[in-house]
Amino acid sequence: MLIRFIIIFILSNTIATISWANEFTEEKAAYKTKLIKTIPAPQPYTEEQPPTGVELITYDSNGLKLKAWFAKPATKTDKKLPAIVYLHGGFSFGKQDFLDAQVFLENGFALLTPMLRGENGNPGHFEFLYGEVDDALAAVDWLQNHPDVDRSKIFIFGHSIGGAVADLTSLYRKEGVLLSGSAGALYSPELFYNTPFPLPFDNADQKEVKLRSFAFNLKYMERKHAAYVSKQDLNRITVKLYGLGTDKYKNTLKVSIIEKDHYALLKPAMLHFIKGMKEFIKTAENEKK
């Protein structure tokens, strides 16, 4: 079933006479996922208080009031701040996720670490890379409306499953988002067929899988996206689907292999991504001159 499904999608992206009926965002907007299980995110959590200087906020995602932690760099400035949405790995948020992302604060970026629908006691149900993408984009909206944030200098980054959410945000045209990125998140559709938890949707429904799959929608990318992976994150299927070793997506998708495991690659990936963030800001400022 999985192999047949992948072959169909590869052919549909290489034969000119076969194409999707609508662009990704149009197709998703017109479709309501059919949840066969209405369950919370499949990972336990501990209710933790944010550290000193970090604010617990709520943001709105299509009527869902979701939690997030927000912080600004310790160094004071009169200028509006560039900012980043950091999407944690796994299916629940913890203090360590915020501590992992503090490197963005240390480099002058305001930081928002959202909890997504069905996570950490949030309202909504676990949709597994569907409504969670809407939540990530809603977190961007919250940042862009913050009085201390420069709405034209926004970034998105995530690790593991949070990285998969970040990947999918690159399929949306979002004014002010300069660059997105992920670490350990170039998944193949195997992700939806080998889970240790109950799936909330029917993975025999090709549309449900397609609308959750970054690999099947790369041609719809709206901005540059930096993906950092370890060798253990790659296999024959991912190499083929993401066009690795070719120039197929060179204008939008930049893949870097880091000689670390799935978890240890996060810090070097973030440090490299921060260099890219600063370069994009410099370019944006030069273009305004």
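Protein heavy-atom surface of the chain, 1.4 angstrom probe: 52% of the accessible area is carbon and sulfur, with nucleic acids and ligands not counted.
Scanning the chain for long hydrophobic helices, with DSSP H runs required to stretch 18 angstrom or more by C-alpha along their axis and to average at least -0.5 on the Kyte-Doolittle scale, returns 131-144, 266-288. Ordering S152, S188 by accessible surface, largest first, gives S152, S188; the 1.4 Å probe counts only protein heavy atoms, with every chain in place. For region 99-131 and region 67-91, compute the distance between their C-alpha centroids and round to whole Å. For region 99-131 versus region 67-91, the Cα centre distance is 11 Å. With the simple spin-label model, which puts each label point 7 Å out from Cα in the Cβ direction, the R151 to Q232 separation comes to 4.3 nm. Largest first, the three principal axis extents of the alpha carbons in region 99-139 are 34, 19, 14 Å in whole numbers.
The stretch between K275 and K65, if pulled fully straight at 0.36 nm per residue, gains 72.3 nm over its current Cα-Cα span. Remark: the chain carries 48 Å² of accessible area per residue (probe radius 1.4 Å; ligands, DNA and RNA excluded). Between K37 and Y193, full extension at 0.36 nm per residue minus the direct alpha carbon distance yields a gain of 54.6 nm.
I'm a student and want to see the number: the projected area of the Cα convex hull of region 162-289, averaged over all directions, in nm². Result: 8.8 nm².
Spherically averaged projected area of the convex hull of Cα atoms, the chain: 15.4 nm². An ellipsoid equivalent to region 91-228, defined through the eigenvalues of its Cα gyration tensor, has semi-axes of 25, 17, 14 Å when rounded to whole angstrom and sorted largest first.
Cβ-Cβ distance of K267 and D141, R₀ of 22 Å, FRET efficiency by 1/(1 + (r/R0)^6): the value works out to about 0.20.
Of the trypsin sites (Lys or Arg not before Pro) found in region 46-118, those that fall in a DSSP loop while having at most 16 other beta-carbon atoms within 10 Å are K76, K79, K80.
The values are calculated or read from the model by the stated rules, or taken from the named source; none is laboratory data. Only a predicted model underlies this, so the values are computations on that prediction, with no experimental measurement involved. Virtual Cβ from ideal backbone geometry, glycine too; neighbours counted across all protein chains shown. Keep in mind that these areas ignore ligands, DNA and RNA; they rest on the heavy atoms of the full protein, side chains included. Shrake-Rupley method; radii C 1.70, N 1.55, O 1.52, S 1.80 Å.
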